[in-house]
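Visitor: I have a structure here, written as C-alpha cells, and I will follow up with some questions on it.
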Amino acid sequence: MEQILVKRASGEEYLLEDRAAFRIINSISQKTELRSNDTIDVDITSRQFHDFKIGDTFFYLGRKYTLNQIPSYQKNSRNEYQYSATFEGVMYDLRRASYDVNIDTTGSAIYGETLTADLELFAKVLVENANRVFTDKWGLGELPENTETKTITFSEDDNCLGVLQRLCDEYDTDFTISTDNNGLNKINFLQVGEEIPLEFKVGFNGGLYNLVREKVDSSDIITRLKVYGSDQNLGTSYRSNKLVLPGKNKPNSYIENTDAIERFGIYEAVKVFDDIYPRRN
C-alpha cells in the first residue's frame, strides 16, 4: 500500500502510518456508493497518543478525503492506543453549507423558501451557497440541456448535499464531483454507468429481498447557526417569511463562533424558534 501523507490546515504534515513512531495501520477500507457515500475507514494502532485534528486531509487514488469528526479510540495498555477514523470525500463538504434560496445572486430578495427553476438554476443557487462557506471552491460542470421547470419548496434545515441528492431524484439523474489542479470542485449532473438488460424484482424468487437507498446524514459540528423566529405577526411589508435577527436579512441572520471557525472552518446549521415573534404584553 502506498504511503498516505496527511496535511493539516496549519501546513503541518505527517504519515498516517509511521513505523518509526510505532503507528501502524491495521486495516483500511474505501466505501464509495453512488449519491450517498464516499469514505475511507482506517483502524490504527499506535504506541503513543496521536492528536488527530478536524480538517486533517489526504489524497487517495486521486481523491481528497478529510477528517470531519475526531476518531474514537481506546487505550488497550499503557503503551498501546487503537484508533478508528473515518475520512470523508469532498461531497461531504456540502453538508456544511445550508441551502438558502434567498442568497443574493440577483440583487433582490426571494420571498419564502420556494423556488421555481430548471435544474441549472437550482444548481447555481447550490453552488452560490457552497461558495459562501468555501470561497471560490465550487462550480458547475456537465448539465443536461432543456430540463423541466419545477417549483420546489425547501426547508431551513436543508443543506447543500441533501439538496443535491434531492435534485438527482427530481430530475432522474446522478452526480459526480471532479476536482481540478486548482482545487475547484465541479458538480456534474449525468447518468453514471450503463444500462444492462437485466430485470430484478423484490420478493420470493425475484432475486432481491430488500432494496434501500440511503442518504448522507447531515449531523455534524456547528460553527455558524442561522437563527429565525416565527412567521406570526410579520405583516406584508416584512422582507422575510420568518423573523430574523435585528439589523439582518434572511441570508445574514446568523450567529457564529469565530474561534471555532478559525479552528475547524464553517459548519452551518439552522434553528427556528417558533415561540419568538412580534407581540405586545
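Visitor: How many residues, within the stretch 45-70, are in contact with a Lys or Arg (Cβ under 9 Å, 6 or more places away or on another chain), over 26 Å from Thr223 (Cβ atoms) and open to solvent by 20 Å² or more (accessible area, probe 1.4 Å)?
Guide: 3
Visitor: A further question on this structure: Inside the stretch 6-27, can you point out the residues that are part of a strand (DSSP E or B), under 14 Å from Phe59 (Cβ atoms) and open to solvent by less than 50 Å² (accessible area, probe 1.4 Å)? Steps first, please.
Guide: Here is the first cut: in the stretch 6-27, the ones part of a strand (DSSP E or B) are 6-7, 13-15, 18, 23-27.
This time we only want the ones that are under 14 Å from Phe59 (Cβ atoms), so: 6-7, 13, 15.
If the condition is that a residue be part of a strand (DSSP E or B), under 14 Å from Phe59 (Cβ atoms) and open to solvent by less than 50 Å² (accessible area, probe 1.4 Å), then Val6 is the only one that fits.
Visitor: Take the residues in the stretch 244-260 that are open to solvent by less than 40 Å² (accessible area, probe 1.4 Å) and touching a residue at least 24 places away in the same chain (Cβ under 8 Å), then tell me which one is nearest to Thr223 (Cα to Cα).
Guide: Result: Ala260.
Visitor: Then there's this: Is there a residue being open to solvent by less than 90 Å² (accessible area, probe 1.4 Å), of a type in the set (Asp, Glu), modelled with pLDDT of 90 or more and within 24 Å of Arg263 (Cβ to Cβ) anywhere in the stretch 81-93?
Guide: Yes, some residue in the stretch 81-93 is open to solvent by less than 90 Å² (accessible area, probe 1.4 Å), of a type in the set (Asp, Glu), modelled with pLDDT of 90 or more and within 24 Å of Arg263 (Cβ to Cβ).
Visitor: Tell me whether the stretch 18-36 contains one or more residues that are closer than 22 Å to Ala260 by Cβ and touching a strand residue (DSSP E or B) at 6+ places or on another chain (Cβ under 9 Å).
Guide: Let us first name the residues in the stretch 18-36 that are closer than 22 Å to Ala260 by Cβ, namely none.
No: zero hits.
Visitor: Please find, within the stretch 189-212, the residue that is modelled with the highest pLDDT out of those that are surrounded by 11 or more Cβ atoms within 10 Å (Cβ to Cβ) and in contact with a Leu (Cβ under 8 Å, 6 or more places away or on another chain).
Guide: My answer is Phe189.
Visitor: Name the single residue that is modelled with the lowest pLDDT among those in the stretch 140-163 being exposed (fewer than 14 other Cβ atoms within 10 Å of the Cβ) and in a loop (DSSP other than H, G, I, E, B).
Guide: Ser155
Visitor: Can I ask one more? From (1) more than 29 Å from Phe175 (Cα to Cα); (2) out of contact with any Ser or Thr (no Cβ under 7 Å at 6 or more places or on another chain); (3) modelled with pLDDT of 90 or more; (4) of a type in the set (Lys, Arg), pick out the condition that doesn't hold for Arg96.
Guide: (1)
Visitor: Right, here's the next one. Can you confirm whether the stretch 97-115 contains a residue that is more than 21 Å from Asn249 (Cβ to Cβ) and surrounded by 17 or more Cβ atoms within 10 Å (Cβ to Cβ)?
Guide: No: the stretch 97-115 contains no residue that is more than 21 Å from Asn249 (Cβ to Cβ) and surrounded by 17 or more Cβ atoms within 10 Å (Cβ to Cβ).
Visitor: Next question, about the same structure. Can you confirm whether the stretch 39-58 contains a residue that is at negative phi, in contact with a Ser or Thr (Cβ under 6 Å, 6 or more places away or on another chain) and either without any contact (Cβ under 8 Å) to a residue 40 or more places away in the chain or assigned to a loop (DSSP other than H, G, I, E, B) (or both)?
Guide: Looking for residues that are at negative phi, in contact with a Ser or Thr (Cβ under 6 Å, 6 or more places away or on another chain) and either without any contact (Cβ under 8 Å) to a residue 40 or more places away in the chain or assigned to a loop (DSSP other than H, G, I, E, B) (or both), one finds none in the stretch 39-58, hence no.
Visitor: Please find, among Phe175, Phe154, the residue that is over 15 Å from the mean Cα position of the chain (by Cα) and touching a residue at least 40 places away in the same chain (Cβ under 8 Å).
Guide: When all the criteria are applied, what remains is Phe154.
Visitor: Using the structure shown, decide if Arg166 is open to solvent by 70 Å² or more (accessible area, probe 1.4 Å) and modelled with pLDDT of 85 or more.
Guide: So Arg166 passes the test.
The values are calculated or read from the model by the stated rules, or taken from the named source; none is laboratory data. Values in this document were obtained by computation on a predicted structure and should not be read as measured data. Every residue, glycine as well, gets a Cβ built from its backbone with ideal geometry; the counts of neighbours run over all protein chains shown. Heavy atoms of the whole protein, side chains included, go into the accessibility calculation; ligands, DNA and RNA do not. Shrake-Rupley method; radii C 1.70, N 1.55, O 1.52, S 1.80 Å.
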